[in-house]
Structures are given as C-alpha cells and as structure tokens.
Amino acid sequence: MIPKSRSEIMRAVRRENTGPELAVRKAAHRLGLRFRLYRKDLPGTPDLIFPKHRTCLFVHGCFWHRHPGCVKASTPKSRRDYWLPKFERNVERDRDNEEALRRLGWRVVTIWECETRDPEGLEDRLRGTFGLPPAPR
Ligand SMILES: [Zn+2]
C-alpha cells in the first residue's frame, strides 16, 4: 500500500458543505456575489473563492481552528497531550495556507462558525468585506 501524505489524509477527513459553510454561501448569494467552491489548486482548498475580488474565504470551525477568545474553542480537560499538538498543527496549517495564498496575490478572509449563526451579522460582515453598501434596515 502506498502511504498517503498528510495533506491527502486531511482532505479525506475534511467535511465539505457544512452548515456554517451553507450559511455563508446563502448570504453571499443573497448579496449577488459570484463565487466558486473548493478550488483544489489553491493552498488549503478555500471554502469559497470570489475571483472578481481576488478573495479566498475560509469558514472555520471554532473548536478545530481555535477561534481566539471564543467559548467554543475550549480545550478538553483530559488528554491535553493529545489535543494540544493537534490544535497547534491546525493553526499552523491555516497560517501557512493563508501566507501561501497571499503570496499568490489573494486576499484571505476567515469567517468563524459562531459568526454564521447570526444571518444579519454575517451579511453585514460580507458587505464590509466586499465594499457593498450597508443593509437598508
Ligand atoms: Zn467562535
């Protein structure tokens, strides 16, 4: 058997079309933004790609990707020697992917899972990101 590289394993494990991702797509769609999904030729396979805005967007789970200061990014009390290196690798990989994308001339935006639970806030966030006028409320 041919051993798989770590990135191949991560790709296999990674879940696509999660609830938070769908919420972001819905908001982006409502704003008339055009985007593509999961371009595997780009570092980290961004969740949404907005070619016109040269912007890659990641929708990160707060726990796995360690949203700073977020209650959902708690650290399990037991087996810390298992969790901490795992978290560290995730954060490191995210940072490496972002850097690689920026080097390729992309802007990188991260939306956290907890931000996707508030549809109005999410829409405002996208409006700000893409220079659209504020929502008429
Ligand atoms: Zn969070």
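Does ARG117 satisfy the condition of being open to solvent by 40 Å² or more (accessible area, probe 1.4 Å), of a type in the set (Lys, Arg) and more than 14 Å from the ligand (Cβ to nearest atom)? No, not satisfied. Within the range 62-98, the set of residues being within 16 Å of the ligand (Cβ to nearest atom), farther than 29 Å from ASP41 by Cα, open to solvent by 50 Å² or more (accessible area, probe 1.4 Å) and in a helix (DSSP H, G or I) comprises VAL71, LYS72.
With respect to TYR38, determine if the residue is hydroxyl-bearing (Ser, Thr, Tyr), over 21 Å from THR18 (Cβ atoms) and surrounded by fewer than 18 Cβ atoms within 10 Å (Cβ to Cβ).
no
Consider the range 120-137 and keep the residues that are assigned to a helix (DSSP H, G or I) and aliphatic (A, V, I, L, M). The one that is farthest from the ligand (Cβ to nearest atom) is LEU126. If you go through the range 46-61 and keep only what is under 19 Å from ALA23 (Cβ atoms) and either part of a loop (DSSP other than H, G, I, E, B) or hydroxyl-bearing (Ser, Thr, Tyr) (or both), you end up with PRO46, ASP47, THR55, GLY61.
The values are calculated or read from the model by the stated rules, or taken from the named source; none is laboratory data. Note that the structure is a prediction, hence the values are computed from the model and not measured. A quick note on method: Cβ atoms are made from the backbone with ideal geometry, for glycine too, and the neighbour counts reach across all protein chains shown. Only protein heavy atoms, including side chains, enter the accessible area calculation; ligands, DNA and RNA are left aside. Shrake-Rupley method; radii C 1.70, N 1.55, O 1.52, S 1.80 Å.
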